[in-house]
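These notes are about the structure you will find just below.
The values are calculated or read from the model by the stated rules, or taken from the named source; none is laboratory data. Treat the numbers as computed from the prediction; the structure is a model and nothing was measured. Cβ: placed from backbone, ideal geometry, glycine included. Neighbour counts: every protein chain shown. Each accessible area value is taken on the protein alone, full model and side chains, heavy atoms only, with ligands, DNA and RNA left out. Shrake-Rupley method; radii C 1.70, N 1.55, O 1.52, S 1.80 Å.
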Amino acid sequence: MRIQDLTDLTGAGTRLFDQLGDAAGRMLEGEIRLGVTGLRRAGKTVFVTALVDNLLKAGRLPFLDVMASGRFRAARLKPQPDADVPRFEYERHLEALTGPAPDWPQPTRGISQLRLAIRYRPGSALRRAVQTASTLNLVVVDYPGEWLLDLPLLRLSFAQWSTMTLDMARHPPRAPLSADWLAWADSIDPAAPAEEEDARRGAALYTAYLHACRRIEPGLSLIQPGRFVEPGDMKNAPLLTFCPLPGDRRGRHSLWALMEERYDAYKTSVVRRFFTEHFARLDRQVVLIDVLGALNAGPIGLADMKRALQLSLEPFRHGSSGWLDWLLGTRIDRVLFAATKADHIAASQHGNLKTLLDGFVAEARSHIRFEGAAVETMALASLKCTDTVITEHEGRQLRCVRGIPVGRDRPTVLFPGDIPPGHEVFPPGRERPYSFLSFKPPAGAGADGRGLPHVRLDQALQFLLGDYLE
Amino acid sequence: MTESTRDRDWIAPMELDPDGSAPLPVEEEAPEPVPGVEPEVERLPAVRAMRGAGGSRVGRWLAGALAAIVAVALGFDTADLLARSFATSLALGVLVAAAVSVAVVSAGAMLLRELRSLRRLRRIEELRGTADRLEGEAGHGEGDRFAGALARLYDGRPDLEPVLVRLKDAITDAHDDAEVVRLIDREVLAGLDRAAYQLTLRASRDTAIATALSPAAVIDLAVVLWRNLKLVREIATLYGVRPGYFGSLRLLRRMLANLAVAGVAESAHHVAVDALGGSLAAAISTRVGQGVINGLLTARVGITAMHTCRPVAFGPHNRPSLGRIRTELLTLPKQVL
């Protein structure tokens, strides 16, 4: 047994102990931890803001059973459970969305939390007899999607990861972005004695390449390791000065060995720490995906998103390979993959959008459903910015969206292209069949005090929390 | 699909003039069904299975002819009666004429009411067919019309007003048709279901106690019949059918069709449990046992009436069950003895 596995074991022991303590606390007062993450600008911040706002104001959630049956009493914000995690700045984000000049809030970096107490009347007569009103503490944990994509690294050795990453970097659409770094990787000798200067240079070039992947329009989703672009509190730490190298295991003090050491250290003190401190304690998870953005990006962007999506499903396949995995597994039992910004297409297209997303997760989903968490997909919009309208065009009725695009101040009616019902979304001969615009938050959203208008947020909540509010 | 047809169907993404667009939902008036004409909509398969027999057409012709003969005879007799009254004395003539006109007017009013109630029943069946289709297709754009039709059905019901307002609030242009139907199911019909279940519970308890306590079999037969009819009418009124006499008959016929063909009420498993429960109770006391069985029958009638009158068919999760009624009834021996 390697040292690595021993740390796994002690980690598992600690976590088991933690979980027992958590379970005891949950007996007294219900608590549920909901993880929210997203791939490539999927709108996590808006999702959390709309979710919290709608629960606090409780006016627009007809599909949440506890609301529909009139058992919901109230929800309010509570102090956070973990003192060392930043608070999700709900008030500030809400103000940005609903202020006099509504705009999208600044994207958040790193992890943040918010705790809500939901007071409700239990549905079953038996539980009502014990207590007339129950409280469920909902902890929303918002973290970058890159951190979720880091979790599969736990299974990969440095050599495996290097092969995979290098292979990906040599193919479009990444090849032009990675040219500098690849040139450097080809010029050095991995077997040569390690020089700190070389390591720093390689890491800097690799980081620049990752940043470029994210920055280009359309951005790419699959970025590993996540802390290189979302360093949080560890900017410039030696932990982040490594990069994939070609070749195989080399001599003891070679550059390759140094990089491998740092890669393993990254896995232990970054990825595993995130896993034990946050991810393993989650009960439910929602992964937001900007499918429309990927469609805008064309076939290559969509393929990249699909790959990232399949990687992000990996951590939910607990129980699939061996006893160690079972110990290390999470307790997440429901995962929602949601295509956000569904309001950017006509409502009649939502079904097709969902089908498309279904196709991406279908393969992994069958395994997961059998062994681990229940997986659901949905097309939703955290904040509904547009209306679906009907327009005549050359004698045909088109379903379009009407809203104010970002950067303009007059509403427009947009026909962004129809998503076909199958999985063949890029018909041959049409390079860019879609043109989805970003829309501004509507003026006066939620001014009626019933919470922000949304699309299917209530159904998402019902899937994620419904059984806790029975 | 070949390349050329795809090209013709394909529309490039573009921006259009905001003035030329109409918002969803487009409020369209649902076509009012003409009384007497069978609407060409899907109905419950069970009900359809009962129709279409060649014999019923002959029966209808016979009934029509007989009715015509009776009407003509009545007309002649009335005219004759009037003539004779006027011949006897003017005062008597006026009196009889007044009586005849009152009879004609009230009969006409009654007929109108009956027709209207029949139409409402038919409309509910239509709505159920539409709801079935909308839930299956999950398309977009028809849901609002369906919600509008339902709101018209429950127009002028003070108890449902807040619910309908809430429903109108909840439905947005982003919901697809299946979601709209589900919303209606949850927001409007769930409350009606609870009320109907209470009615059924009360009626089945009534019949059970009446059977257990009645001194003669004739009396409890009458009580059970009357109570069952009343229950059906109550439930129908609750769901918005407002049945008249013929309406109730028709409703009963539909219910029989449902009971016999679709086996709506319960599965064989439940029947076995009922029989077991009944025989257990019968061991305690024959009369009380009969009461329990009659109560269960009434409950079954009530639940079938709910199935028949509901504008959206029950799903697997909200299908009413005999469960609670059964437990309630099985405590009856304790209450009575």
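Out of A:Ala237, A:Ala257, A:Ala265, which single residue is in contact with a Gly (Cβ under 9 Å, 6 or more places away or on another chain) and hydrophobic (A, V, I, L, M, F, W, C)? Within the list A:Ala237, A:Ala257, A:Ala265, the selection yields A:Ala257. If you check A:Ala199, A:Ala192, A:Ala280 for being touching a residue at least 40 places away in the same chain (Cβ under 8 Å), within 20 Å of the chain's Cα centre (by Cα) and either open to solvent by less than 40 Å² (accessible area, probe 1.4 Å) or within 30 Å of A:Asn137 (Cβ to Cβ) (or both), only one passes: A:Ala280. For the residues A:Ser112, A:Ser162, A:Ser124, the requirement of being crowded, with 17+ Cβ neighbours inside 10 Å and closer than 27 Å to A:Leu464 by Cβ singles out A:Ser112.
For (1) of a type in the set (D, E, K, R); (2) within 16 Å of A:Phe228 (Cβ to Cβ); (3) at pLDDT 90 or above; (4) touching a Gly at 6+ places or on another chain (Cβ under 9 Å), each residue gets a yes or a no:
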| site | (1), (2), (3), (4) |
| --- | --- |
| A:Pro173 | no, no, no, yes |
| A:Ser178 | no, yes, no, no |
| A:Ile188 | no, no, no, yes |
| A:Pro193 | no, no, no, yes |
| A:Glu196 | yes, no, no, no |
| A:Arg200 | yes, yes, no, no |
| A:Tyr206 | no, yes, yes, no |
| A:His211 | no, yes, no, no |
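Cβ-Cβ distances below 8 Å connect the following pairs, each with a first residue in segment A:408-421 that is in contact (Cβ under 8 Å) with a residue 60 or more places away in the chain and under 19 Å from A:Arg432 (Cα atoms), a second residue that is open to solvent by less than 60 Å² (accessible area, probe 1.4 Å) and aromatic (Phe, Trp, Tyr), and a separation of six or more residues or different chains: A:Pro416/A:Tyr434; A:Pro416/A:Phe436; A:Ile419/A:Tyr434. Screening A:Thr386, A:Thr391 for residues that are facing chain B (nearest Cβ under 10 Å) and in contact with a Lys or Arg (Cβ under 7 Å, 6 or more places away or on another chain) leaves exactly one candidate, A:Thr386. Quick one: A:Ala373 ticks every box in (1) under 25 Å from A:Asn54 (Cβ atoms); (2) at pLDDT 80 or above except a single one, so which number is it? Looking at each condition in turn, A:Ala373 falls short on (2).
Got a number for residues in segment A:399-421 being touching a Ser or Thr at 6+ places or on another chain (Cβ under 7 Å), closer than 13 Å to B:Met14 by Cβ and either open to solvent by 10 Å² or more (accessible area, probe 1.4 Å) or more than 7 Å from every other protein chain (Cβ to nearest Cβ) (or both)? Qualifying residue count, segment A:399-421: 1.
Among the residues of segment B:146-189, those that are more than 11 Å from chain A (Cβ to nearest Cβ) and of a type in the set (Asp, Glu) comprise B:Asp155, B:Asp159, B:Glu161.
Of all residues in segment A:446-470, those satisfying the criterion of being under 23 Å from the mean Cα position of the chain (by Cα) and open to solvent by less than 10 Å² (accessible area, probe 1.4 Å) are A:Leu452, A:Val455, A:Leu457, A:Asp458, A:Ala460, A:Leu461, A:Leu464, A:Leu465, A:Gly466. Does A:Asp467 satisfy the criteria of being within 11 Å of another protein chain (Cβ to nearest Cβ) and among the acidic types (Asp, Glu)? When the stated conditions are applied, A:Asp467 does not pass them. Within segment A:437-445, at least one residue is open to solvent by 60 Å² or more (accessible area, probe 1.4 Å) and under 24 Å from A:Val287 (Cβ atoms).
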